[in-house]
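Quick one: this structure, given as structure tokens, is what I'll be asking you about.
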Amino acid sequence: MSAIMEVSGLNAWFGAAQAVKEINLSFEKNTVTAIIGPSGCGKSTFIRCLNRLHEEVPDARAIGRVLLEGDDIYGRGVDPVAIRRKIGMVFQKPNPFPSLSVFDNVAVGLRLGGLRRASILKEAVERSLTLSALWDEVKDKLNAPGTSLSGGQQQRLCIARALAVEPSILLMDEPTSALDPISTAKIEELVTELKKAVTIVMVTHNMQQAARISDKTAFFLLGDMVEYGETSRIFTAPKDSRTERYITGRFG
Amino acid sequence: MPGVVRAKNRPVREIHYGDRVFAGILKIPAAGLALLLLSIAYFLYRAASPVIVKHGWAFLTSSTWDPVRDVYGALPVIYGTVVSSFIAIVIATPLSVGVALFLTEIAPRRTGRVFGFLVEMLAAIPSVVYGLWGIFVLAPWLRTSVEPFFKTWLGFLPFFSGPPYGVGMLAAGIILAVMITPTISSIAREVFSAIPLQQREAALGIGATRWEMMRLAVLQSSRRGLTGAVILGLGRALGETMAVTMIIGNRHEVSLSLFAPGSTMASIIANEYAEATTDTHVAALVEVGLVLFAVTFVINSIARLFLSRSGNR
Ligand SMILES: Nc1ncnc2c1ncn2[C@@H]1O[C@H](COP(=O)(O)OP(=O)(O)O)[C@@H](O)[C@H]1O
Ligand SMILES: [Mg+2]
């Protein structure tokens, strides 16, 4: 198995408060890794360190090594903007750009990268929307504002936006927590489909979801990674008593 | 209909009687203000009517303003108002948007607060102080440096021809720009800070630079709000009196050159009202006031319309 991303000794702070402590973890190609844990345990902070978004928060900082296909994204002279172009991110609340059409929302990443050719853009937009299982629903309203879609469609639009630049890894921070059950099921199905193309790291507060769609699971508590392993093993035979208490629902 | 049935069974109205009385009381000042607005318009119309009757629409389109012969044409002051305000908007818009972007998106929080306070202070400086600054600092600088520079390089354009007086339309436009920048930038700041953090993160998340993030997440979704801010600034510029009167040169003439002296609706009233001896002269000045009142009323209404809708787009 080849790891596409390897995290070692990752620590993150908000001001003086440490939110993520000494995380060592690697993500294998074409797998889904679920990050679970009670709210406030540092899940979001952790995955926001993986594309260097964390440091955009005032007074926030992170140290450690995160190798993306062998290169340290925290290395000297590495431009965080360039890193973020290579890594896709989907947020908790669907956040398409309200001033942009469906088409432009998907094309925006490519355009930032300097791509201007209409034919290439069209092709890439169609491919990304197909990948995110949205093409059939929006192919007749590519010029409508992105925010005119339903919540679930907006989230798939955001997935298409992230996929358009063909990232090797897709970070998702509770992508279904703002959605209804049907939209949630669609996205879960989509994630299982997408892992053929990209490696996915997904934060979720929903343990059934983690059990359903992930290959590996990492359990976080108070900024520490308590346990990591095959999802089936974590949910059937956790080694740490804290993991067990959390997955059986006996935890705050 | 269930509503009707309930109304029969229970005297719903009486329960909210207190609310109704209270709402009724609150309507009095609101209605009073509307009435005041109407009565100002009516007063202006009445007082101006001798000239309105005598000149009709020609008042707006002719250029002669001769109190001695009792001939009044307001075109030069309307032109002066439009041009000086236009210069102000052209300068103040990018300046204000830049200031607002800097304060909300770039400056560290503490710097932002201090700098923001200073910008707001610009709005607190009395108009007459701006006028003094204009006369003693701005006008000489324009006369000796800026205007000769434009004349050398762009002198073939009618806007930059003629002798550089310093005092004149350009000076008035610049003073107005400084005066309306706090207005526009503080509204722009509010518009920008109402944009949710998630949108900025969406932009950063796909690898936007800071500038690209501002363009994508901030500027593009604030077009409506910014338009409202600019129109509100325009409304202020149109009516500004003291500083403009001190710096515009007060000549009743339409001149394409921005270096030339001119006058505005507000400045001619301020300038001539005290020495207006005949009834028609006063009436003519009041009619200028009526036009100014109508224009600023319309401009402000449009601005409110844009701003009130800026939330849902
Ligand atoms: N913007 C912020 N500023 C300061 N502290 C924060 C901020 N965001 C999160 N935190 C703190 O960092 C810790 C981890 O938060 P987070 O990563 O959002 O947790 P999770 O996603 O697991 O719910 C929490 O204690 C939270 O209060
Ligand atoms: Mg979170």
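For the stretch A:130-225, give me every one of the strands (runs of 3 or more DSSP E) that falls completely inside it and has 2 or more residues that are closer than 24 Å to A:Arg245 by Cα.
A:199-203, A:216-221
Within the stretch A:198-231, how many residues turn out to be open to solvent by less than 10 Å² (accessible area, probe 1.4 Å), within 16 Å of ligand 1 (Cβ to nearest atom), out of contact with any Pro (no Cβ under 8 Å at 6 or more places or on another chain) and among the aliphatic types (A, V, I, L, M)?
4
State all residues of the stretch A:33-49 that are more than 9 Å from ligand 2 (Cβ to nearest atom) and in contact with a Ser or Thr (Cβ under 9 Å, 6 or more places away or on another chain); if no residue qualifies, say none.
Answer for the stretch A:33-49, where residues must be more than 9 Å from ligand 2 (Cβ to nearest atom) and in contact with a Ser or Thr (Cβ under 9 Å, 6 or more places away or on another chain): A:Thr33, A:Ala34, A:Ile35, A:Ile36.
I need a count of the residues in the stretch B:183-230 that are of a type in the set (S, T, N, Q), over 25 Å from A:Asp173 (Cα atoms) and more than 11 Å from chain A (Cβ to nearest Cβ).
4
Can you go through B:Leu118, B:Leu170 and tell me which one is open to solvent by 30 Å² or more (accessible area, probe 1.4 Å), assigned to a helix (DSSP H, G or I) and out of contact with any strand residue (DSSP E or B) (no Cβ under 9 Å at 6 or more places or on another chain)?
B:Leu118
Using the structure shown, decide if A:Asp79 is among the acidic types (Asp, Glu) and more than 13 Å from chain B (Cβ to nearest Cβ).
no
The values are calculated or read from the model by the stated rules, or taken from the named source; none is laboratory data. What you are looking at is a predicted structure, and each value in this text was computed from that prediction instead of being measured. Here Cβ is always computed from backbone atoms with ideal geometry, including for glycine, and neighbour counts include all displayed protein chains. With ligands, DNA and RNA removed, areas are computed over all heavy atoms of the protein, side chains included. Shrake-Rupley method; radii C 1.70, N 1.55, O 1.52, S 1.80 Å.
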